[in-house]
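So the structure is just underneath, and the comments pick up after that.
The values are calculated or read from the model by the stated rules, or taken from the named source; none is laboratory data. From a predicted model like this one, the values you see are computed outputs, not experimental measurements. Neighbour counts run over all protein chains shown; Cβ positions are idealised from the backbone, glycine included.
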Amino acid sequence: MGGLKSRKRLDLDHSSFCQFPAIYNFGDSNSDTGAVSATFGRLSLPNGQTFFGKPAGRYCDGRLIIDFVAEKLGLPYLSAYLDSIGANFRHGANFAASGSSIQPADSAILKGHVNPLSLNIQLLQFEQFKERTAELYTEAKNSYHKSGLPRPEDFSKALYTMDTGQNDLHAGITSMRVEEVQKHIPNIINEFSLNVKNLHQLGARTFWIHNTGPIGCLPFFVVNYPPKAGNSDQNGCVKSYNDLAQEFNRQLKDKISQLRTQLSDVFITYVDIYSVKYALISEAKKYGFSGPLGYCCGHYGDYRARCGRKSLVNGTELYGTSCEKPAEYLSWDGIHYSEAANKLVADQILDGSFSDPSIAISEACHRPL
């Protein structure tokens, strides 16, 4: 893969920014801002320590890519739909849930090893959210009672972001051979396509869709499923797992091209997260990181404890503590990226340099010329 560099962007048929009034996000822990934390028990420190100074529902020391997306568009950070404390949905909602998948949790490849809040369940939540918003907005007597609600007309003008699929591959890798997982990819992609079509039926018109990252470079896999001879790349990543991710991304991109034809009134931007993350990993030291495969929280020599929790490591109970300088690590906890890495990725993708079509996120509602 090439390094991080600007790519030529396309001219548009409209010069103004889109001014999205809201963001509705769907996905897994890469963009979960509090769903799982609110539902299954609050995440503890050191999660959130770098930016929020307290746990903030994110499996990260600070902000996620979706947080930088919101900042770029001048919108507040997204409240998790399932978080009832202090939530404000005026400018959107986040349905992403850590550990979730594209396929329903009872699918053969997953075998129940994922969060039950799969993509189709997230869409059911969104459908209810939209219906109840319309009801409450109509019933509200004044602007004060409407202040925390999205305006019904904003749903068709909002940006719909999606970052999911990693856990489908993760669950497959840990339960079957890579060749078997690959056979399931068409079904995964078809399920994803069905959910995009369902969102379209619910009024979504502008999509910003991330592909999946280099799963073979996650320290979790390198430590727990180390590559066999000949199955390691120049960074020490598990090559076959990255090949699997790239095949998933190829089929995802092809399916998005089909969706553009089938849904002529939608604007879909495909974002190549894989290339950005792999370039960061390949050039880790150039960007100030300690190396390509280190991680900050829960690292005990050759063992990994769960960040912010007690773990039994080689017969000894350990607490997953943080390193002193999270910004020196690409990975926060072996699975999720650090805020420093997330910011670098966001800086690269938000201007459209790694998108198809090559359009900045602030202009992603306009067709290229």
Test: residue in the stretch 117-139 that is farther than 24 Å from residue 220 by Cα, modelled with pLDDT under 90 and in contact with a Phe, Trp or Tyr (Cβ under 7 Å, 6 or more places away or on another chain): no
Count - residues of the stretch 319-355 that are surrounded by fewer than 18 Cβ atoms within 10 Å (Cβ to Cβ), farther than 15 Å from residue 291 by Cα and acidic (Asp, Glu): 2
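Condition (residue is assigned to a loop (DSSP other than H, G, I, E, B) and out of contact with any helix residue (DSSP H, G or I) (no Cβ under 9 Å at 6 or more places or on another chain)) applied to the stretch 181-197: is it met by at least one residue? I'd like the intermediate steps shown before the answer.
Of the stretch 181-197, the ones assigned to a loop (DSSP other than H, G, I, E, B) are none.
No, the stretch 181-197 contains no residue that is assigned to a loop (DSSP other than H, G, I, E, B) and out of contact with any helix residue (DSSP H, G or I) (no Cβ under 9 Å at 6 or more places or on another chain).
Taking residue 304 as the residue in question, decide whether it is among the basic types (Lys, Arg) and either closer than 30 Å to residue 202 by Cα or crowded, with 20+ Cβ neighbours inside 10 Å (or both).
yes
Mind listing just one residue for me: the one in the stretch 22-43 that is outside any loop (DSSP other than H, G, I, E, B) and of a type in the set (S, T, N, Q) and, of those, nearest to the chain's Cα centre (by Cα)?
Just the residues of the stretch 22-43 that are outside any loop (DSSP other than H, G, I, E, B), to begin with: 23-27, 35-40.
From what's left, of a type in the set (S, T, N, Q): 25, 37, 39.
Numbers: 25: 9, 37: 16, 39: 19 Å.
The selected residue is 25.
Let me confirm something: among 183, 197, 157, which residue is touching a Phe, Trp or Tyr at 6+ places or on another chain (Cβ under 8 Å) and surrounded by fewer than 21 Cβ atoms within 10 Å (Cβ to Cβ)? Steps first, please.
Numbers: 183 fails: touching a Phe, Trp or Tyr at 6+ places or on another chain (Cβ under 8 Å); 197 fails: touching a Phe, Trp or Tyr at 6+ places or on another chain (Cβ under 8 Å).
Going through 183, 197, 157 in turn, just one is touching a Phe, Trp or Tyr at 6+ places or on another chain (Cβ under 8 Å) and surrounded by fewer than 21 Cβ atoms within 10 Å (Cβ to Cβ): 157.
Residue 317 - would you say it is of a type in the set (D, E, K, R) and either out of contact with any strand residue (DSSP E or B) (no Cβ under 8 Å at 6 or more places or on another chain) or at positive phi (or both)?
Numbers: of a type in the set (D, E, K, R): yes; either out of contact with any strand residue (DSSP E or B) (no Cβ under 8 Å at 6 or more places or on another chain) or at positive phi (or both): no.
Taking the combined requirement at face value, the residue does not satisfy it.
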Enumerated helices (runs of 4 or more DSSP H) restricted to the stretch 44-152, each holding at least 1 residues that are of a type outside the set (Asp, Glu) and in contact (Cβ under 8 Å) with a residue 24 or more places away in the chain: 65-72, 119-139
